[in-house]
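> This structure is in structure tokens; I'll ask about it shortly.
The values are calculated or read from the model by the stated rules, or taken from the named source; none is laboratory data. Source: prediction; values computed, not measured. Using ideal geometry, Cβ is built from the backbone for each residue, glycine included, and neighbour counts are taken over all protein chains shown. In case anyone asks, the SASA skips ligands and DNA or RNA and just uses the protein heavy atoms, side chains included. Shrake-Rupley method; radii C 1.70, N 1.55, O 1.52, S 1.80 Å.
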Amino acid sequence: MSKFEVPEVDYTRYSNRQLAAVPLAVLAVALVVLAGWYVMFGTPVSLGTDFTGGTELTVQTDTPRGEIDQAFEAEVLSTQRIRDPTSNNPTYVVTFGSETNGTVLAQQATDNLEPACSNPENCEIVLSRQTVSPAFASGAQNTAILGLVVAFTGMSLLAFGLFRTFVPSVAIVISAFSDIVIPLAVMNLLGIELSLGTVAALLMLVGYSVDSDILLNNHILRRSGGFYESTKRAMDTGVTMTLTSISAMAVMAVTATIFGIDLMASIGVVLVLGLTADLMNTYMLNLSLLRWYKLGEVTPE
Amino acid sequence: MNVRENWRVILLAIMLVSSGVVLFVPGVVGGSGDSGQISNLQYGIQLDGGTRLRAPVVGMTAEDVSFAGQDQGQARQAMADNLSVPTRDVYFQVNRETGVGTVEVFNDSVSETEFATVLNQVGFRTSDDGQFGEGDIRDGVTADTRQQIVDTLDQKLAESGLTAGSARVATTPQGQNYIVVEAPNQGAEELERLVAQRGSVELVARYPGDNGTMQETTLVTREGIDSIGSPEPGDSSPYQVPVVLNQEGAERFTRVLNENEFTTTGAGSTACGGAEKNDRGYCLLTVVDGEVASSHSLAPSFADIIRANEFSDDPRFVMGAQSRGEAETIAVGLRAGSLRAPLDTEGRQVYTLEPALADRFKVNSLITGIIAVLAVSGVVYLRYGEPRVAVPMVLTALAEVVLLLAFVSAVRLPLDLSHIAGLIAVIGTGVDDLIIIADEVMAEGDVNSARVFQSRFRKAFWVIGAAAATTIIAMAPLAVLSLGDLRGFAIVTILGVLIGVLVTRPAYGDILRWLSVEK
């Protein structure tokens, strides 16, 4: 049976600056993307119905996708096909803006769309409807931001409490920050909107990403043994942890997408992005800061 | 096997067995253990189908109003007239001892300035004897009014057959209150109709008064009714709700009709019919939320009975309606009472899901979960290559899920997609922690004594404890804030981390010790 081993990196070949440069550059690019988004669209990330208000209808219909728009008097923002292997009927998620009336839209769907089977009792056209009013949406937005800020602050304070030294604690905070910012930027580029589900995923990232940082700091600061030896041991465990999580989340993202369970799919994608960023941030950014703290400036061999 | 050394494993085993009982033995958890349910888990709307509606209450409140020297009935009428709103949109609550209370206005057409002005006009003063200004009026209604609405909605849900439905008050972190109504397995239309109307129902007598104007007198309100029948097709209007008046109601009915010539010249008036107010003749109007639902005349034979004062012997009567839906609204309104204030139709949030789609979600998210666990197992096995490390690891992670599900089922928390996301997060951090334990224990060569094992395990636990503390701190604000779906997610994650750190992960340590020390 082939065992996978965590590859050993020869850190002595790189200076602290070289190591830190890559994750910092990626972080900078991510921040530029968010800033650009803010300039172009008024928000740093694209917001979903949960945060902007509007109506989402899940409809099951034989009407071709191109003609679905015509069933509604209101403007359709997007129509997405859901592929669900357990159902043969074509299913779409249709999104409308916030100034629409959900009840009226559901009625129009029932009146104007073609049922997917002959017996209307067996296949309702409107499978689900979610209407969020703008007032609720802006409240949810504030709460989500508040939640993220409080979670992040709590995590930072705890990091300082655990290690009680400035550089290692700051290293944890910076890499956790980067772990959240990088997926946000990639979400923009991939067209994933910020929803309650993705906020949940970002919060999970706070927890997950701190795990491997704490492990690394703990091994290097609180254990006997040389710097590189401790790093090697921390990496053996930490990389395994992160890879396990990545594989679980990647599998979840793929299956949930196939089944059309949006919430789980977006949580999966965001975590895969964030955990991948975490690998880089922990073992390049956090590690270089720790090495600078422990060994001072290192000249590459 | 040494009980003292392995108490954690034994504890885990006991907890798993009780979880099994909680999850699978029918009827253990409060509920009925009904029809074909495999487990005792309760599902929320996202996994079982149904409708959830959240809406703020329409209204404004003036606090600390002094009622000294005011006749409440007259003041209420004066407020309503000056604001040109129906009297039911003005509500007083007074503390009897202090004579200070609140005034609420439930109508969107009134501005805060108008409200303050009219309070001053009617002669109200603040509790420190000042005039009201715009700043004394706040948006929103009192907690008492919200509670009345919730109680009434609960009754309405029960009366209209949506028995599993429920209503409650929720508050956003911004301090806005709203009412949440949930009805499992129901479509949106029925629920929206139920909350769209306040459901105040009265029977009003309308007749020509002095100098040619029409007069109206309330004939029957909910208080005057003893029992309410089911809606049925009617004679004088398309549908009707039969009611039986109580003694007081019947007396009032007789007195008002006799005093106003309904039983003499007004009997069988031809001006009545349809859903309009009559501008001549003598009609009985069924009024729902201020709108006329139907109008009919007093039949001559019925008029004779009332004139002879025999109505009280058999005080039966009908309320008319133009459609079956309207008749049901009347029946439910009479039984459950009316909402003190209306719910905002603009600011509402609706989520509805067909049970068929919900069933698909249920099965598919289960499959997704199982596949994710398989992926984790695969990676763990590839990494360690030793089944005796990897198999207990995966089993321990699954045990966490079982314990968590049992807890969720025991506290009767309806399971939703967000909770499933929380479960996934728990499996993820759980396996992470188990990897830390395994690596730490097996590092630096073989474990040859229990003491070495203990010291290594303790070291591993420092990291795990620290990581768990951060996760709990990160999730804690969400568990408290009312952010809809995220709350359930945070609660499940925190609980899972606690169960993991306190029960399952230490037990895994014991299992690993047993497997490695005694070799």
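> Within the range B:62-112, restricting attention to residues that are of a type in the set (D, E, K, R) and part of a helix (DSSP H, G or I), which residue is surrounded by the fewest Cβ atoms within 10 Å (Cβ to Cβ)?
B:Asp81
> Just one of the numbered conditions (1) closer than 30 Å to B:Pro506 by Cα; (2) within 14 Å of chain A (Cβ to nearest Cβ); (3) open to solvent by 10 Å² or more (accessible area, probe 1.4 Å) is not true of B:Thr345; which one?
Failed condition: (1).
> Look at the range B:134-151 and say how many of its residues are buried (at least 21 other Cβ atoms within 10 Å of the Cβ) and within 28 Å of B:Gln42 (Cβ to Cβ).
Result for the range B:134-151: 2.
> To continue, here is another question. Just to be sure I understand, how many residues within the range A:129-175 are open to solvent by less than 50 Å² (accessible area, probe 1.4 Å), in a helix (DSSP H, G or I) and touching a residue at least 40 places away in the same chain (Cβ under 8 Å)?
18
> B:Ala341 versus (1) closer than 23 Å to B:Asp226 by Cβ; (2) in a loop (DSSP other than H, G, I, E, B): which is the lone unmet condition?
(1)
> So if I check each of B:Val244, B:Val150, which one is modelled with pLDDT of 80 or more, among the β-branched types (Val, Ile, Thr) and assigned to a strand (DSSP E or B)? It would help to see each step written out before you state the result.
Details: B:Val150 fails: assigned to a strand (DSSP E or B).
None of the others qualify; the one that does is B:Val244.
> Then there is this: Go through (1) open to solvent by 10 Å² or more (accessible area, probe 1.4 Å); (2) more than 7 Å from chain B (Cβ to nearest Cβ); (3) of a type in the set (Gly, Ala, Ser); (4) in a helix (DSSP H, G or I) one by one and return the number of the condition A:Ser209 breaks.
The failed condition is (1).
> Going by the conditions given, is B:Ala358 surrounded by 24 or more Cβ atoms within 10 Å (Cβ to Cβ) and more than 7 Å from chain A (Cβ to nearest Cβ)?
Here the answer is no, as B:Ala358 does not meet what is asked.
> In addition: Among the residues of the range A:74-97, is there at least one that is of a type in the set (Val, Ile, Thr), within 21 Å of A:Ser195 (Cα to Cα), touching a Leu at 6+ places or on another chain (Cβ under 6 Å) and at pLDDT 80 or above?
So far as the range A:74-97 goes, yes, one or more of its residues are of a type in the set (Val, Ile, Thr), within 21 Å of A:Ser195 (Cα to Cα), touching a Leu at 6+ places or on another chain (Cβ under 6 Å) and at pLDDT 80 or above.
> From the list B:Glu400, B:Glu291, which residue is open to solvent by less than 30 Å² (accessible area, probe 1.4 Å) and either in contact (Cβ under 8 Å) with a residue 24 or more places away in the chain or within 27 Å of B:Gly187 (Cα to Cα) (or both)?
Numbers: B:Glu291 fails: open to solvent by less than 30 Å² (accessible area, probe 1.4 Å).
Of the residues listed, the single one that is open to solvent by less than 30 Å² (accessible area, probe 1.4 Å) and either in contact (Cβ under 8 Å) with a residue 24 or more places away in the chain or within 27 Å of B:Gly187 (Cα to Cα) (or both) is B:Glu400.
> To continue, here is another question. Could you please find all residues in the range B:179-219 being open to solvent by 10 Å² or more (accessible area, probe 1.4 Å), among the hydrophobic types (A, V, I, L, M, F, W, C) and not in a strand (DSSP E or B)?
The answer is B:Leu194, B:Ala196.
> On to the next question. Identify, please: which residue in the range A:117-128 is open to solvent by 20 Å² or more (accessible area, probe 1.4 Å) and at the interface with another protein chain (Cβ under 9 Å from one of its Cβ atoms) and is, among those, nearest to A:Thr100 (Cα to Cα)?
A:Val126
> While we're on this one: Could you run through the range A:231-241 and say how many residues are open to solvent by less than 10 Å² (accessible area, probe 1.4 Å) and more than 7 Å from chain B (Cβ to nearest Cβ)?
Adding up the residues that qualify gives 3.
> Still on this model: Which residues, counting only those in the range B:249-275, are of a type in the set (Val, Ile, Thr) and either touching a strand residue (DSSP E or B) at 6+ places or on another chain (Cβ under 9 Å) or farther than 21 Å from B:Leu334 by Cα (or both)?
B:Val256, B:Thr263, B:Thr264, B:Thr265, B:Thr270
> Residues being over 30 Å from A:Ser98 (Cβ atoms), within 39 Å of the chain's Cα centre (by Cα) and small (Gly, Ala, Ser): count how many of those fall in the range B:297-348.
Qualifying residue count, the range B:297-348: 9.
> One residue is enough: does the range B:292-315 have a residue meeting the conditions within 14 Å of another protein chain (Cβ to nearest Cβ), among the hydroxyl-bearing types (Ser, Thr, Tyr) and either assigned to a loop (DSSP other than H, G, I, E, B) or closer than 30 Å to B:Ala143 by Cα (or both)?
No: the range B:292-315 contains no residue that is within 14 Å of another protein chain (Cβ to nearest Cβ), among the hydroxyl-bearing types (Ser, Thr, Tyr) and either assigned to a loop (DSSP other than H, G, I, E, B) or closer than 30 Å to B:Ala143 by Cα (or both).
> What is the residue count in the range B:352-397 for residues that are assigned to a helix (DSSP H, G or I) and farther than 30 Å from B:Glu190 by Cβ?
29
> I'd like to know if the range A:264-285 contains one or more residues that are within 11 Å of another protein chain (Cβ to nearest Cβ) and surrounded by fewer than 22 Cβ atoms within 10 Å (Cβ to Cβ).
Yes, the range A:264-285 has at least one match.
> Restricting the search to the range B:372-397, which residues are open to solvent by 30 Å² or more (accessible area, probe 1.4 Å) and within 7 Å of chain A (Cβ to nearest Cβ)?
B:Leu382
Yes/no matrix, rows are residues, columns are (1) within 23 Å of A:Thr257 (Cβ to Cβ); (2) open to solvent by less than 80 Å² (accessible area, probe 1.4 Å); (3) in a helix (DSSP H, G or I); (4) not small (Gly, Ala, Ser):
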position: A:Arg17; (1), (2), (3), (4): no, no, yes, yes
position: A:Phe51; (1), (2), (3), (4): yes, yes, yes, yes
position: A:Ile68; (1), (2), (3), (4): yes, yes, yes, yes
position: A:Glu73; (1), (2), (3), (4): no, no, no, yes
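> Determine whether the range A:223-230 contains at least one residue that is on the phi > 0 side of the Ramachandran plot and either within 11 Å of chain B (Cβ to nearest Cβ) or not β-branched (Val, Ile, Thr) (or both).
Yes, the conditions are met somewhere in the range A:223-230.
> Among the residues of the range B:162-173, what is the count of those that are assigned to a loop (DSSP other than H, G, I, E, B) and either aromatic (Phe, Trp, Tyr) or exposed (fewer than 13 other Cβ atoms within 10 Å of the Cβ) (or both)?
1
> Let me ask another. Would you check if B:Ala425 is open to solvent by 50 Å² or more (accessible area, probe 1.4 Å) and at the interface with chain A (Cβ under 9 Å from one of its Cβ atoms)?
No; evaluated as a whole, the condition is false for this residue.
> Let me ask something additional. Just checking, does the range A:38-48 include any residue being part of a helix (DSSP H, G or I), surrounded by fewer than 19 Cβ atoms within 10 Å (Cβ to Cβ) and of a type in the set (A, V, I, L, M)?
Yes, the range A:38-48 contains a residue that is part of a helix (DSSP H, G or I), surrounded by fewer than 19 Cβ atoms within 10 Å (Cβ to Cβ) and of a type in the set (A, V, I, L, M).
> Return a yes/no flag: does the range A:183-200 have any residue that is part of a helix (DSSP H, G or I), modelled with pLDDT of 90 or more and β-branched (Val, Ile, Thr).
The answer is yes; a qualifying residue exists.
> Tally the residues that are open to solvent by less than 10 Å² (accessible area, probe 1.4 Å) and in contact (Cβ under 8 Å) with a residue 24 or more places away in the chain, restricting the search to the range B:361-371.
Going through the range B:361-371, the residues open to solvent by less than 10 Å² (accessible area, probe 1.4 Å) turn out to be B:364-365, B:368.
Still in the list and also in contact (Cβ under 8 Å) with a residue 24 or more places away in the chain: B:365.
Of the residues in the range B:361-371, 1 are open to solvent by less than 10 Å² (accessible area, probe 1.4 Å) and in contact (Cβ under 8 Å) with a residue 24 or more places away in the chain.
> Only one of B:Gly268, B:Gly273, B:Gly281 is at positive phi, touching a helix residue (DSSP H, G or I) at 6+ places or on another chain (Cβ under 6 Å) and not in a helix (DSSP H, G or I); which?
B:Gly268 is the lone residue from the list that is at positive phi, touching a helix residue (DSSP H, G or I) at 6+ places or on another chain (Cβ under 6 Å) and not in a helix (DSSP H, G or I).
> Okay, moving on. Please list, ordered by first then second residue, the pairs with beta carbon atoms under 9 Å, 6 or more apart or interchain, first in the range B:42-61 and under 14 Å from B:Phe106 (Cα atoms) and outside any strand (DSSP E or B), second open to solvent by 20 Å² or more (accessible area, probe 1.4 Å) and among the hydrophobic types (A, V, I, L, M, F, W, C).
Going by the 9 Å Cβ cut-off, the qualifying pairs are B:Pro56/A:Ala135; B:Pro56/A:Phe136.
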